[in-house]
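Colleague: Just passing along the structure, written as structure tokens.
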Amino acid sequence: MLFNSFVFLFAFLPLALLGYAIAGRVGERAAVTWLAICSLAFYGFWNTSFLILLTGSILFNYAVGTTVGRLPDGRRKSLLFAFGVVANVLLLVCYKYLDPTVSFLQDYGLIIDQTRLNIVLPLGISFFTFTQIGYLVDRRDHVGENLDFLRYVVFVTFFPHLIAGPILHIRDIGPQLLKRDTFRVAADRVAPGLALFILGLSKKVLIADPLGEPVAAAFTQAQTTGLIPAWVGAVSFALQLYFDFSGYSDMAMGLAHIFGFRFPINFASPYKTRGIIELWQHWHITLSRYLGLLLYNPLAMRITRWRISRGKKINRKALATPAAFLSMVALPTFYTMTIAGIWHGAGLQFIVFGLLNGTCLTINHAWRVFGPQSEHQPGWAANAGLVAFNLLTWSLALVFFHAVDFQQAEQMLCAMFGANGLALPPYLGAALAHLDAAGRWLNVHATVGHGATTIHGMIRLILTLAIVWGLPNTQQLMAEKSPSIEAVNDPAPAWMQWRPDWKWSVFLGALLCADLLSFRQTSVFLYFQF
Amino acid sequence: MRVRLSGNKYLWSFLGPLCVAFLLYVAIGAIAGALRIAPEFTSNFGLDERLQFLKNNKPSAPVGVILGASLASNDVSASLLQAQTGKTFINLGAYGLSVSDSRHLYAQLSREIPVREVIFPLHLFELRLYASVFSVPDSTLHRYLSGAMPFLEETSYRDINGLIYYLMNWHDYRSSQGFSSVAFNANGDVPLDIGPKTTDPSRWRADGMTGEPCRNCMRPLVDLCRSVTVQHHRFTLLLAPYRAGVVENKPGVVEMVRERARLLPQAMQACGGEVIDSQKLARFGDSCFADFAHLNQQGAEKLTQLLLDYRRMGGALAYRTVTCPRYGVDHLAVTDR
């Protein structure tokens with residue numbers, strides 16, 4: 001069931017909310033039970049057989065987590081914890097990587113039996129597995145609340161975040177699950193929750209989905225597409241992914257708030273940032289935080305301890321030496337980003353995506369450490385240049401993220417660097433082609449048939465960039481009554497802030513109407529495949 | 001900074017957007033309905049318009065149906081057939097409709113209306129295998145065609161971008177001077193008011209047309225024909241005319257057409273269908289065409305007359321040359337040969 005579907009909006013959500021309101025009046029336990037039932041029904045709507053897998057995973061992790069939490073620190077606890085984590089990783093490997101790996105080996109003749117496994121990837125498996133690995137870590141470290149089974153089920157399966165995050169930690173949601181006030185349906189929660197939901201829905205169906213057209217045009221014809229349509233396609237994909245995923249996160253946060261919960265912020269204007277480090281701090285924040293806690297920090301800590309044990313320095317001055325920088329920054333960065341890349345998929349292109357990000361992050365860190373240490377703030381033109389450069393670099397990396405395979409990514413990059421010429425729309429191409437020598441040098445040729453797509457794509461791109469760079473993000477718009485866990489530090493100007501008045505009602509009503517009238521064209525969320 | 005406001009205000013700010021959205025939704029649905037813009041049940045705009053036409057013009061007497069893609073819409077006149085035979089005919093051709101989707105449409109409409117015969121105009125170079133455009137269950141289409149679909153549900157099949165695009169291209173769709181016209185007459189024909197002087201030169205020359213091998217290309221045609229004849233209805237495959245010289249100048253296409261012409265009689269024999277090859281009965285001059293493949297209004301009337309004459313004479317027709325004086329000669333210096 002998609003959030004952007006009539007069945008969700010007009011059947012599931014009203015029923016779930018009505019039942020929740022009634023159950024909330026009966027008692028806390030009834031409300032938690034109702035939420036668990038609704039969430040499992042939401043998941044089962046896709047494929048009931050995967051409910052068994054989800055339930056099995058929940059039972060296993062709850063049992064392991066509870067036992068790990070009770071055991072005293074020592075070898076038994078470590079072994080049980082390691083067993084729990086390995087079992088989760090194995091589950092992920094079986095469903096996500098086994099099929100592509102076997103297919104790869106079959107294609108290269110390393111396995112003679114050509115029978116394909118055809119394993120269907122259960123929806124949201126990465127998200128619910130990550131959430132539960134996080135739970136095991138928190139139980140080991142005695143972080144967060146100890147939940148009863150029913151509350152644990154809601155923590156893992158609560159339908160707004162089950163399929164595509166945000167990735168929750170027990171310390172985010174645990175205290176809310178134990179507070180009686182949470183299970184109360186109130187207009188002062190439903191109104192801002194609905195507002196954020198509508199804004200998120202509009203980001204998905206009115207902005208992200210239409211951007212898919214130039215993206216598809218560029219990627220499917222990567223072999224022949226020209227430089228301009230290729231860049232339009234690549235940057236459009238960066239924007240499509242942002243609006244699609246941040247739209248989903250907004251909807252999840254809005255829905256959670258309608259049911260009385262607060263979620264952590266997952267996106268905070270990543271495309272307004274001036275470097276890749278900053279971008280990752282504002283992009284899919286809960287995943288970045290998760291990767292930091294579970295991958296980056298443990299390795300960085302080990303390296304630090306190792307350096308200390310060898311009598312080496314670990315302070316800022318020491319970091320400015322190449323060897324220390326490589327071991328303390330570059331190595332954990334590459335390790336984390338490579339695994340982040342692999343998490344996104346089993347193809348070579350995802351590993352390259354991870355490595356590219358690792359490289360960019362390392363360069364950015366190196367610039368901070370080895371570059372000029374100036375207090376001088378860059379002017380607006382330099383800032384704008386940095387923001388634009390950052391987006392273009394990110395778009396380049398995302399080519400590997402979106403391409404169906406490494407070959408398509410390669411073709412797309414070739415197109416983006418002019419291997420297929422500029423490919424201007426017909427009338428512009430014809431005009432430039434008259435400058436014969438320059439035209440030959442630039443390999444200028446007019447596109448046939450795709451000119452309109454490129455022009456429409458460019459117009460759409462410019463309008464979308466105006467929204468990205470010119471307007472506050474949804475969290476800033478909702479800052480006064482933010483449904484997030486964290487308070488928003490840089491709210492939008494007061495006149496733009498959401499408030500319960502008729503102007504916002506009309507605006508949101510018009511957006512909702514346009515959303516409903518766009519459901520025919522909508523697709524699943526891009527992050528569902530992960 | 002968290003601000004506390006009164007509960008009533010929140011109640012209204014929760015109900016407000018829902019009420020506004022509902023009112024706008026109803027208004028847009030009503031306006032689109034009043035403008036006779038079809039809801040989007042398929043990914044084929046022409047087919048959606050056709051379904052709306054069928055819903056609003058359901059014959060109760062046994063009917064002859066012109067089925068197929070744009071050739072059906074543009075090249076055959078159901079109104080002339082009806083006028084001359086005294087039997088009811090409707091045209092249900094839809095732009096870009098594949099043969100297999102025509103079969104799907106036939107299966108659907110044979111449940112809705114009493115079909116007597118099917119006339120299927122075709123060019124042999126058109127037999128391509130496309131993905132289906134039908135994306136909703138037949139039961140949904142049935143509810144729509146039978147008029148049992150509630151207004152709100154019907155509106156859920158509308159698309160805001162599609163509506164804007166429709167309004168922006170209103171003239172092309174609602175006049176007979178655009179190739180994407182859906183200006184149906186009472187029998188559903190879309191007579192094109194386009195001649196050599198007003199046509200698009202690239203369409204006139206059939207730029208970009210290439211040949212492709214026939215990989216099971218007869219299969220959907222045989223399936224369609226069989227699904228009609230099995231119900232003891234008449235199936236006529238009408239091979240429509242195309243501009244002289246266009247196909248012949250494209251070697252790959254010539255081979256493709258030859259191969260298909262060789263396979264066709266056997267295929268039609270297998271399903272009990274009748275084939276009428278207009279190219280063997282007449283030569284249509286350039287003045288009868290709207291582009292290299294589609295006839296204009298006068299051309300369509302002449303082709304329909306040819307079909308009627310063929311049936312009347314039991315196939316014993318003298319070869320004729322057809323010209324369409326109303327559209328004259330073209331600006332592309334191509335004269336009727």
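The values are calculated or read from the model by the stated rules, or taken from the named source; none is laboratory data. Every value quoted in this text rests on a predicted model; they were computed, and no experiment measured them. Backbone-built Cβ (ideal geometry, glycine too); neighbour counts: all protein chains shown.
Colleague: State which residue is nearest to B:Thr42 (Cα to Cα) when the search covers only segment B:145-160 and only residues that are out of contact with any helix residue (DSSP H, G or I) (no Cβ under 7 Å at 6 or more places or on another chain) and within 11 Å of chain A (Cβ to nearest Cβ).
Modeller: My answer is B:Tyr157.
Colleague: When the residues of segment B:52-69 are narrowed to those that are in contact with a helix residue (DSSP H, G or I) (Cβ under 9 Å, 6 or more places away or on another chain), surrounded by fewer than 24 Cβ atoms within 10 Å (Cβ to Cβ) and in contact (Cβ under 8 Å) with a residue 40 or more places away in the chain, which ends up farthest from B:Thr229 (Cα to Cα)? Break it down stepwise before answering.
Modeller: Filtering segment B:52-69 down to residues in contact with a helix residue (DSSP H, G or I) (Cβ under 9 Å, 6 or more places away or on another chain) leaves B:52, B:54-55, B:58, B:64-69.
Add one more test, that the residue is surrounded by fewer than 24 Cβ atoms within 10 Å (Cβ to Cβ), and what stays is B:52, B:54-55, B:58, B:64.
The next check asks that each one be in contact (Cβ under 8 Å) with a residue 40 or more places away in the chain; those that pass are B:54-55, B:58, B:64.
Working: B:Leu54: 22, B:Lys55: 25, B:Lys58: 22, B:Gly64: 13 Å.
This residue is B:Lys55.
Colleague: Can you pull out every residue in segment B:203-243 that is assigned to a strand (DSSP E or B), under 19 Å from the mean Cα position of the chain (by Cα) and under 19 Å from B:Leu105 (Cβ atoms)?
Modeller: Restricting attention to segment B:203-243, the residues satisfying the condition of being assigned to a strand (DSSP E or B) are B:234-239.
Among the residues that remain, those that are also under 19 Å from the mean Cα position of the chain (by Cα) are: B:235-239.
Hits for segment B:203-243 are B:Phe235, B:Thr236, B:Leu237, B:Leu238.
Colleague: In addition: Can we say B:Tyr173 is surrounded by 18 or more Cβ atoms within 10 Å (Cβ to Cβ), under 30 Å from B:Val247 (Cβ atoms) and hydroxyl-bearing (Ser, Thr, Tyr)?
Modeller: Details: surrounded by 18 or more Cβ atoms within 10 Å (Cβ to Cβ): yes; under 30 Å from B:Val247 (Cβ atoms): yes; hydroxyl-bearing (Ser, Thr, Tyr): yes.
Against the criterion (surrounded by 18 or more Cβ atoms within 10 Å (Cβ to Cβ), under 30 Å from B:Val247 (Cβ atoms) and hydroxyl-bearing (Ser, Thr, Tyr)), B:Tyr173 qualifies.
Colleague: Exactly one of these conditions fails for B:Ala293: (1) in a loop (DSSP other than H, G, I, E, B); (2) of a type outside the set (Phe, Trp, Tyr); (3) out of contact with any His (no Cβ under 8 Å at 6 or more places or on another chain). Give me its number.
Modeller: Exception for B:Ala293: condition (3).
Residue-wise test of (1) modelled with pLDDT under 90; (2) touching a Gly at 6+ places or on another chain (Cβ under 8 Å); (3) crowded, with 20+ Cβ neighbours inside 10 Å; (4) among the charged types (D, E, K, R).
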{"site": "B:Pro201", "(1), (2), (3), (4)": "yes, no, no, no"}
{"site": "B:Asn216", "(1), (2), (3), (4)": "yes, no, no, no"}
{"site": "B:Ser227", "(1), (2), (3), (4)": "no, no, no, no"}
{"site": "B:Ala240", "(1), (2), (3), (4)": "no, no, yes, no"}
{"site": "B:Ala244", "(1), (2), (3), (4)": "yes, no, no, no"}
{"site": "B:Lys302", "(1), (2), (3), (4)": "no, no, yes, yes"}
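Colleague: For segment A:348-361, state whether one or more residues are out of contact with any Phe, Trp or Tyr (no Cβ under 9 Å at 6 or more places or on another chain) and either buried (at least 17 other Cβ atoms within 10 Å of the Cβ) or over 30 Å from A:Lys96 (Cα atoms) (or both).
Modeller: So the first thing to find is which residues in segment A:348-361 are out of contact with any Phe, Trp or Tyr (no Cβ under 9 Å at 6 or more places or on another chain), and the list is none.
For segment A:348-361, residues out of contact with any Phe, Trp or Tyr (no Cβ under 9 Å at 6 or more places or on another chain) and either buried (at least 17 other Cβ atoms within 10 Å of the Cβ) or over 30 Å from A:Lys96 (Cα atoms) (or both): absent.
Colleague: Right, something else. So, in segment A:136-165, how many residues would count as being in contact with a His (Cβ under 8 Å, 6 or more places away or on another chain) and either charged (D, E, K, R) or at pLDDT 90 or above (or both)?
Modeller: Adding up the residues that qualify gives 1.
Colleague: Read through the list (1) more than 9 Å from chain B (Cβ to nearest Cβ); (2) not in a helix (DSSP H, G or I), then give the number of the only condition that A:Ile459 fails.
Modeller: (2)
Let's see how each residue does on (1) surrounded by fewer than 19 Cβ atoms within 10 Å (Cβ to Cβ); (2) in a loop (DSSP other than H, G, I, E, B); (3) not β-branched (Val, Ile, Thr):
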site	(1), (2), (3)
A:Val488	no, yes, no
A:Ala492	no, yes, yes
A:Trp495	yes, no, yes
A:Trp498	no, yes, yes
A:Lys503	yes, no, yes
A:Val506	yes, no, no
A:Leu511	no, no, yes
A:Ala514	no, no, yes
A:Phe519	no, yes, yes
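Colleague: Only one residue in B:Val118, B:Val182, B:Val133 is farther than 30 Å from B:Gln279 by Cα and either away from every other protein chain (no Cβ under 14 Å) or within 18 Å of the chain's Cα centre (by Cα) (or both), so which one is that? Don't jump to the end; show me each part of the working.
Modeller: Working: B:Val118 fails: farther than 30 Å from B:Gln279 by Cα; B:Val182 fails: farther than 30 Å from B:Gln279 by Cα.
Of B:Val118, B:Val182, B:Val133, the one residue that is farther than 30 Å from B:Gln279 by Cα and either away from every other protein chain (no Cβ under 14 Å) or within 18 Å of the chain's Cα centre (by Cα) (or both) is B:Val133.
Colleague: Can you confirm whether A:Ala208 is buried (at least 22 other Cβ atoms within 10 Å of the Cβ), touching a residue at least 12 places away in the same chain (Cβ under 8 Å), closer than 16 Å to A:Ser395 by Cβ and more than 23 Å from the chain's Cα centre (by Cα)?
Modeller: The answer is no for A:Ala208.
Colleague: What do you reckon, is B:Tyr157 over 30 Å from B:Gly272 (Cα atoms) and within 16 Å of the chain's Cα centre (by Cα)? Outline the logic, then answer.
Modeller: On the way: over 30 Å from B:Gly272 (Cα atoms): yes; within 16 Å of the chain's Cα centre (by Cα): no.
Taking the combined requirement at face value, the residue does not satisfy it.
Okay, residues lined up against (1) surrounded by fewer than 20 Cβ atoms within 10 Å (Cβ to Cβ); (2) under 19 Å from the mean Cα position of the chain (by Cα):
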residue	(1), (2)
B:Arg262	yes, no
B:Gln266	yes, no
B:Cys271	yes, no
B:Leu281	no, no
B:Gly285	no, no
B:Ala290	no, yes
B:His294	no, yes
B:Gln297	no, yes
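Colleague: Can you pull out the residues in segment A:74-99 that are free of Cβ contacts under 8 Å to residues at least 24 places away in the same chain and within 20 Å of A:Leu147 (Cα to Cα)?
Modeller: Scanning segment A:74-99 gives a single hit, A:Leu80.
Colleague: Looking only at residues in segment A:3-55 that are within 14 Å of chain B (Cβ to nearest Cβ) and surrounded by 16 or more Cβ atoms within 10 Å (Cβ to Cβ), which one is nearest to B:Leu152 (Cα to Cα)?
Modeller: It comes out as A:Leu9.
Colleague: Need pairs with beta-carbon distance below 6 Å; first residue in contact (Cβ under 8 Å) with a residue 24 or more places away in the chain and within segment A:115-129, second in a loop (DSSP other than H, G, I, E, B) and of a type outside the set (Asp, Glu); sequence gap 6+ or separate chains.
Modeller: Cβ pairs passing all conditions: A:Leu123/A:Trp46; A:Leu123/A:Ile163; A:Gly124/A:Ile163; A:Ser126/A:Phe530; A:Phe127/A:Gly165.
Colleague: If only one of A:Pro493, A:Pro500, A:Pro483 is touching a His at 6+ places or on another chain (Cβ under 8 Å), within 14 Å of chain B (Cβ to nearest Cβ) and of a type outside the set (Phe, Trp, Tyr), which one is it?
Modeller: On the way: A:Pro493 fails: touching a His at 6+ places or on another chain (Cβ under 8 Å); A:Pro500 fails: touching a His at 6+ places or on another chain (Cβ under 8 Å).
After ruling out the rest, the residue left standing is A:Pro483.
Colleague: May I pose another question? Just one of the numbered conditions (1) surrounded by 15 or more Cβ atoms within 10 Å (Cβ to Cβ); (2) in contact (Cβ under 8 Å) with a residue 12 or more places away in the chain; (3) closer than 30 Å to A:Ile258 by Cβ is not true of A:Val102; which one?
Modeller: For A:Val102, the failing item is (3).
Colleague: Still on this structure, I have one more. For segment B:127-159, enumerate the residues that are without any contact (Cβ under 8 Å) to a residue 60 or more places away in the chain and part of a helix (DSSP H, G or I).
Modeller: B:Asp138, B:Ser139, B:His142, B:Arg143, B:Glu153
Colleague: Does B:Arg258 satisfy the criteria of being within 23 Å of the chain's Cα centre (by Cα), surrounded by fewer than 18 Cβ atoms within 10 Å (Cβ to Cβ) and over 26 Å from B:Gln305 (Cα atoms)?
Modeller: On the way: within 23 Å of the chain's Cα centre (by Cα): no; surrounded by fewer than 18 Cβ atoms within 10 Å (Cβ to Cβ): yes; over 26 Å from B:Gln305 (Cα atoms): yes.
It is false that B:Arg258 is within 23 Å of the chain's Cα centre (by Cα), surrounded by fewer than 18 Cβ atoms within 10 Å (Cβ to Cβ) and over 26 Å from B:Gln305 (Cα atoms).
Colleague: What residue, of B:Ala34, B:Ala27, B:Ala21, is over 22 Å from B:Leu141 (Cβ atoms), away from chain A (no Cβ under 14 Å) and among the small types (Gly, Ala, Ser)?
Modeller: Working: B:Ala27 fails: away from chain A (no Cβ under 14 Å); B:Ala21 fails: away from chain A (no Cβ under 14 Å).
The unique qualifying residue is B:Ala34.
Colleague: Taking segment A:170-205 on its own, how many of its residues are surrounded by fewer than 21 Cβ atoms within 10 Å (Cβ to Cβ) and either of a type in the set (Phe, Trp, Tyr) or not in a helix (DSSP H, G or I) (or both)?
Modeller: Going through segment A:170-205 one residue at a time, the tally reaches 5.
Colleague: Could you list all residues from segment B:160-202 that are in contact with a Ser or Thr (Cβ under 6 Å, 6 or more places away or on another chain), hydrophobic (A, V, I, L, M, F, W, C) and part of a helix (DSSP H, G or I)?
Modeller: The answer is B:Ile160, and nothing else.
Colleague: Could you tell me which of the residues B:Val222, B:Val182 is of a type in the set (Val, Ile, Thr) and more than 30 Å from A:Asp209 (Cα to Cα)? Steps first, please.
Modeller: Working: B:Val182 fails: more than 30 Å from A:Asp209 (Cα to Cα).
After applying the criteria, what remains is B:Val222.
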